[in-house]
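A.B. asks: Take a look at the following structure, please.
The values are calculated or read from the model by the stated rules, or taken from the named source; none is laboratory data. All values derive from a computational prediction rather than experimental measurement. Quick reminder, even Gly has a Cβ in these numbers, built from the backbone with ideal geometry, and neighbours come from all protein chains shown.
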Amino acid sequence: MACGWLGQITKRRISKKNRRSFFTFLLSLLLTLSVVSCSGHNPESRENEPAEGVAVPSLEEIAAETEAEMSDIDLLPEADYEGYTFNILSTNPDCLWGYMVSLYAEEETGEPLNDFVFRRNTSVEDRYDIKIANSAELDSTPTSNLAKTTVQAGDDVYSIMCYGVKWQLVDAQSGCFINLHKVDSIDFAHPWWNGEKQGAITLNGGTGIISSNTFADNTRHIVIGKQAKGAVITGNYSENFLSVQNGIGKLAKIADNIPEPYEFTRENYSNYKLLFNGEKDKQYISGFIYAEPTRGGSRWSSKGATIELPGNPGETYTVSFRVDVVEAALTEGAGIYVGDKNLMPFTGEGSFVFKNKVKMPKEGKITFTVKCKNWVPHELDETNLDTRVLGVAFMEANMVSDPKARTFSMNTLSY
């Protein structure tokens with residue numbers, strides 16, 4: 001991938017194994033880093049004194065935040081790439097500081113951003129058994145020659161290429177790049193895509209045509225935010241269920257997808273249940289571990305776990321959650337919250353069905369936040385190799401506004 005020219009990627013053949021390493025790494029970057037944009041400033045400008053009155057975080061605060069962000073890597077799938085080298089081809093650091101400072105660090109130096117990148121890369125290397133390396137050239141010309149030669153030869157020595165925009169424009173004329181705007185389709189149906197945090201495709205402004213994409217079955221597919229002006233969603237495919245979260249109503253035209261998104265009715269939302277069993281449940285949750293067969297199907301909450309459930313605006317619901325609470329998760333104020341209110345406090349360990357009443361907002365969805373003490377099995381028992389960050393285990397949610405209505409399954413989309 002060539003950095004520095006928006007909308008361009010290298011055109012070369014990458015083996016399935018290397019492609020998975022490539023995307024896994026990029027997802028790790030997305031989950032753990034707010035990318036530093038390219039600028040023409042000299043790196044020495046980093047040493048400028050902050051403006052008067054601007055609070056500068058301490059190294060301890062940055063380290064604590066870094067450690068919290070690192071835990072997001074645990075949401076990525078397990079894989080072993082057997083020592084594969086993820087090689088970055090870069091050029092003059094004075095020109096590309098904005099890119100390289102966010103991609104590679106040779107060692108810890110005490111500089112906060114450098115040390116964060118070093119620890120992040122080390123964590124990715126350890127998790128996936130890869131080596132992240134940087135092949136630096138001092139001049140854009142030899143870098144461009146290397147890039148062009150390897151791309152045209154179909155060689156995958158370099159996974160990312162960072163060099164001057166001027167030379168990328170020259171290389172583009174040699175057929176080394178393809179324009180992302182002209183790509184017919186993008187395939188999201190691969191195991192390295194994690195759709196818990198956001199939609200595979202999200203439109204939060206302007207207008208867009210979302211077409212000819214293949215999506216994994218159990219993830220958030222398309223999210224249209226309320227600030228979008230319009231959208232056309234057509235010709236997309238998912239094996240069993242196409243998930244479209246439409247925030248602009250009739251301004252979004254959705255047609256000729258396979259299958260068409262399920263259109264929920266008021267009756268569906270009057271009385272329904274959602275099982276945390278891995279079947280069409282991911283679009284309603286965020287910050288949960290993968291589904292397990294234990295307890296008849298369940299998911300552990302993790303850091304920042306939330307559940308967003310739909311309903312008929314203005315109606316009062318009796319909401320219930322079937323949850324296993326372990327002692328390690330208990331702490332003051334633990335429970336299931338709506339806003340700042342603890343609707344369902346966790347007061348002891350065991351299996352519970354927590355219940356309370358909520359009024360569905362006019363937006364037609366309500367968010368529940370899980371707050372508890374997170375814990376790691378390995379830290380409690382060194383013989384336990386489980387290093388996941390866990391909370392409490394959820395098995396089922398029920399939303400009832402009309403007890404006389406039939407119970408609809410959000411997992412099977414049937415009664």
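A.B. asks: Sort out which residues of the stretch 222-241 are in a loop (DSSP other than H, G, I, E, B), surrounded by 14 or more Cβ atoms within 10 Å (Cβ to Cβ) and at pLDDT 85 or above, and write them in order of number.
C.D. replies: As a first pass, look at the stretch 222-241 and keep what is in a loop (DSSP other than H, G, I, E, B): 225-227, 235-236, 239-241.
This time we only want the ones that are surrounded by 14 or more Cβ atoms within 10 Å (Cβ to Cβ), so: 225, 235-236, 241.
The answer is 225, 235, 236.
A.B. asks: Checking the structure you have, find out if any residue of the stretch 310-322 is in contact with a Ser or Thr (Cβ under 8 Å, 6 or more places away or on another chain), of a type in the set (A, V, I, L, M, F, W, C) and surrounded by 14 or more Cβ atoms within 10 Å (Cβ to Cβ).
C.D. replies: No, the stretch 310-322 contains no residue that is in contact with a Ser or Thr (Cβ under 8 Å, 6 or more places away or on another chain), of a type in the set (A, V, I, L, M, F, W, C) and surrounded by 14 or more Cβ atoms within 10 Å (Cβ to Cβ).
A.B. asks: While we're looking at this one, here's another question. One residue is enough: does the stretch 387-403 have a residue meeting the conditions among the hydroxyl-bearing types (Ser, Thr, Tyr), surrounded by fewer than 16 Cβ atoms within 10 Å (Cβ to Cβ), out of contact with any helix residue (DSSP H, G or I) (no Cβ under 6 Å at 6 or more places or on another chain) and at negative phi? I'd like the intermediate steps shown before the answer.
C.D. replies: Narrowing the stretch 387-403 to residues among the hydroxyl-bearing types (Ser, Thr, Tyr): 387, 401.
Then drop every residue that is not surrounded by fewer than 16 Cβ atoms within 10 Å (Cβ to Cβ), which leaves 387.
Next, from what is left, pick out any that are out of contact with any helix residue (DSSP H, G or I) (no Cβ under 6 Å at 6 or more places or on another chain): none.
No: zero hits.
A.B. asks: Same structure, new question: If a residue counts only when it is on the phi > 0 side of the Ramachandran plot and in contact with a Phe, Trp or Tyr (Cβ under 7 Å, 6 or more places away or on another chain), which strands (runs of 3 or more DSSP E) contained entirely in the stretch 265-366 have at least 1 such residues? Spell out how you get there, then give the answer.
C.D. replies: Values: elements: 271-275, 285-288, 299-310, 316-325, 335-338, 341-345, 350-359.
Hits in the stretch 265-366: 335-338.
A.B. asks: Is one or more of the residues making up the stretch 201-211 crowded, with 21+ Cβ neighbours inside 10 Å and at pLDDT 70 or above?
C.D. replies: Yes, the conditions are met somewhere in the stretch 201-211.
A.B. asks: Of the conditions (1) over 24 Å from the mean Cα position of the chain (by Cα); (2) outside the structural domain of residue 323 (by TED's automatic domain parsing), residue 271 clears all except one; give me its number.
C.D. replies: All conditions pass for residue 271, except number (2).
A.B. asks: Within the stretch 242-261, how many residues turn out to be of a type outside the set (A, V, I, L, M, F, W, C) and part of a strand (DSSP E or B)? Quick ask: steps written out before the conclusion?
C.D. replies: Here is the first cut: in the stretch 242-261, the ones of a type outside the set (A, V, I, L, M, F, W, C) are 243, 245-247, 249-250, 253, 256-257, 259-261.
With part of a strand (DSSP E or B) added as a condition, the list becomes 245-246, 253.
Adding up the residues that qualify gives 3.
A.B. asks: Please determine whether any residue of the stretch 303-325 is over 21 Å from residue 410 (Cα atoms), in the same structural domain as residue 278 (by TED's automatic domain parsing) and among the hydrophobic types (A, V, I, L, M, F, W, C).
C.D. replies: Yes: the stretch 303-325 contains one or more residues that are over 21 Å from residue 410 (Cα atoms), in the same structural domain as residue 278 (by TED's automatic domain parsing) and among the hydrophobic types (A, V, I, L, M, F, W, C).
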